[in-house]
1. Mind listing whichever residues of region A:60-93 are facing another protein chain (nearest Cβ under 7 Å) and not β-branched (Val, Ile, Thr)?
2. Among the residues of region B:199-220, are any β-branched (Val, Ile, Thr), within 13 Å of the chain's Cα centre (by Cα) and surrounded by 15 or more Cβ atoms within 10 Å (Cβ to Cβ)?
3. Could you list, in sequence order, all residues of region B:528-552 that are hydroxyl-bearing (Ser, Thr, Tyr) and buried (at least 16 other Cβ atoms within 10 Å of the Cβ)?
4. Tell me, which helices (runs of 4 or more DSSP H) wholly within region B:396-510 include 2 or more residues that are of a type in the set (Gly, Ala, Ser), within 25 Å of B:Val306 (Cα to Cα) and more than 25 Å from the chain's Cα centre (by Cα)?
5. As an exercise: evaluate B:Gly525 against (1) surrounded by 14 or more Cβ atoms within 10 Å (Cβ to Cβ); (2) within 14 Å of chain A (Cβ to nearest Cβ) and give the number of the one condition it does not meet.
6. Which number in (1) crowded, with 16+ Cβ neighbours inside 10 Å; (2) within 14 Å of chain A (Cβ to nearest Cβ) marks the one condition that B:Ala232 misses?
7. What residue, of B:Val215, B:Val247, is within 14 Å of chain A (Cβ to nearest Cβ) and of a type in the set (A, V, I, L, M)?
8. Within the set of pairs 6+ apart or on separate chains, which have a first residue in region B:290-314 that is free of Cβ contacts under 8 Å to residues at least 40 places away in the same chain, a second that is of a type in the set (S, T, N, Q) and surrounded by fewer than 24 Cβ atoms within 10 Å (Cβ to Cβ), and C-beta atoms under 6 Å apart?
Amino acid sequence: MAKNRKNLSAGVRFGPVLKVVLLGGLFCVAGVGYVWQKSEIARLSQQIREREKRLVQLKDDNKRLADQISILHSPPRLDLRAKELNLGLSPALPLQVVRLVEPTGQWSRLPALPRSGSRP
Amino acid sequence: MSNKLQVRRSLLLLGFLGAAFAGLGYRLVDLQVLRHEELSTKAGQNTQREYWQAPRRGDILDANGNILATSISVKTVCADPSLIGNCQPVVAHAIAPFLSMSEAELIAKMTPRVGRNAKGDTVTNGLHYVRLGRNVPEDAWQHIVAAMTNLSFGVDEKHLPPTERSFYRSLRLQAVFAEPDQLRTYPGGRLAAQVVGFPSMEETNISGRLVSHIVGRDGVEFMMQSQLAGVAGWRVTETDRQQRELVALRDEDVNARDGMNVVLTLDAAVQNIVEDELAKAMVAHKPKSVTGIVMRPRTGEILAMVSLPNYDPNLPNTITPETRNRVVTDVVEPGSTFKIVVVSGALNSGRTKLTDQFDCEHGHFAFAGRTLHDHEAYGMLSVKDIIMKSSNIGAAKIGILLGEQGLYDYAWNFGFGQRSGITLPGEARGILYPISKWYKVSLAQIPMGHGVMVTRLQMLSAMAAIANGGWLMQPMIIKRLQERDGSVVQNYRPARVRQVISEAASKQMIEALKTVVTKEGTAYGAALEHYVVAGKTGTAQKAENGVYVRGKYVSSFIGFFPADQPELCISVVMDEPLEGYYGGKVCGPVFRGIAERCASYLNIPADPTLTTNVPLANAALSLRNPRTRIP
């Protein structure tokens, strides 16, 4: 048979209060977490957008600079600059070119590496 | 009694509430089921956005990776006139300097105007969208953004009502906006312009918004359009009230696939050399046009292709019909250069040998009711001498010896009367009539280069076939396709078309062609100090309305070197030169200029025995002083 409540001591019962507090806290944390999560999504979304823009910009810059290098290296431009600067440069004539013959069959005569030598 | 009344009231209330719930239920079904599609589309339109991502057009590079055509990112600056109100003068004043436009022009563009079109319909110049300027560089756009953000309207906005403050805020931030775009540029300007081509902008309506894209109109830009263009991407996403994208709600996100880079066989340095030398020739001989081609005979790769006058693809107003690529589009009577076809055919078929003698009739030869002439009165000439002296009568007699069928077959096998298949637009077939349409005199005329029409490229290919042991190669202008990171997608390999003459016949032909570039030959001016040159001159009188015109010639020289191990085959053709007209005189020196510079640039080894077409005394002189030039 259940005890009569009137006969119980008048002390504070922590169990239910704790449950309510915990439940309330849980709801609070869930709510705050939800809002925090949404705000993080918005913040990261903003970051992603900014970085995507930056990436596109960097790619564009990279392409532009690579193109500039290529254009500055291009033979027609170098030829034009050499003429503009009047450096007196002219192409080498065939007789001014010294051609070295590939030393075929020479490798066998090279001294062998010492066995104890360190290797990379 | 009261109990009954209570029951009645309760029933009435219940009925009323039931009807209300039924009404609400119907409304719910109506909204969620019956009109679901319509309303969800409407809701989606408020937040969903579809963005088009234009692919970057591929570059066109030369064989060494030098850029011939590229695309740079620019902005198309647009405005929403509905957000500008009556502030057009202030906005125009702020941004006009960066758009290189007058303020009046900008004000006119930003002012909404209503009118009627030809059909009587009411039209506006764009209430929400007008284009203010195209091809605006990124820097200029940043200046425009700064100018718009700092716009001042001369009022204290803090004390304005919220609606007016909101108007000024949206004017500053949203009234002027930019769309990404591309600008095709050609860093080399006129360099290889006709080969590379030029583009135009086309607009496509995508989801009510005009999207522009680049379309090639000439040259490789046109022929490789699908490979260069790439594939567009798209993104379906949602935005907030400030039109900022909600990245977490992205639905479809497909990146654009950039166009492939097209690598040509052209070498920018060789192209520059040829353009430079031909420009000098234009000044010296004042022809209507001049063309030059440099080809590797072993592979058919074209290192340079020039047709002057040319155009600058960066400046569309320089593009005229006169600046077409005459190398492939125009046909001419080849003149004496065509003698290589008949003589090599006769040598290959064994009908004649280099040492066989032909009577050149002292300059007059009657055949089929016509009299053929030589520019000098020759008597007996060997086949070798016929090539060296370029005797028309000698060539005609070899043609007669070869016969109609033989002549036609060799001309066809050398590639005349058919397209070479080069990846360039507008290539002509040339004209090689079937034998059934020949006149009786054709058998004597065609061997001297009359009665047949060829392109400059066909003639060069035929000469390259002789240089290449008789193998006709398909001319190549595209070397490979590659991704932006350099990874190769497709390699184009040299393709043999057919062996037209045997290697032995080609060697005999080369021996004959070497004599052309001697003092006794017709093109001594083409001789090089350190290489043996083999080649053939041509001077064809031009025909107008079926009649040959005096004083109008097509002069040409086609040669290759080193003759015994050919590295380069070069063609120079001038149309109606005013100062001189013999092919050897006007085109020979141009060939020499190109060949000398190309040999140096490409590091082509000099003949180890230093055998040249130059007489020994001169060769010895050049040995002592390498800078000595042959006059």
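Coordinate-derived values only; no laboratory data. This structure is a prediction, so every number in the text was calculated from the model and none was measured. FYI the Cβ positions are ideal-geometry reconstructions off the backbone, even for glycines, and counts take in every protein chain you see.
1. The answer is A:Asp60, A:Arg64, A:Asp67, A:Ser70, A:Ser74, A:Pro75, A:Pro76, A:Asp79, A:Pro91, A:Ala92, A:Leu93.
2. Yes, region B:199-220 contains at least one residue that is β-branched (Val, Ile, Thr), within 13 Å of the chain's Cα centre (by Cα) and surrounded by 15 or more Cβ atoms within 10 Å (Cβ to Cβ).
3. Within region B:528-552, B:Tyr531, B:Thr537, B:Thr539 meet the criteria.
4. B:456-467
5. It is condition (2) that B:Gly525 fails.
6. Status for B:Ala232: all satisfied but (2).
7. Just a single option satisfies the conditions, and that option is B:Val247.
8. B:Pro309/B:Thr323
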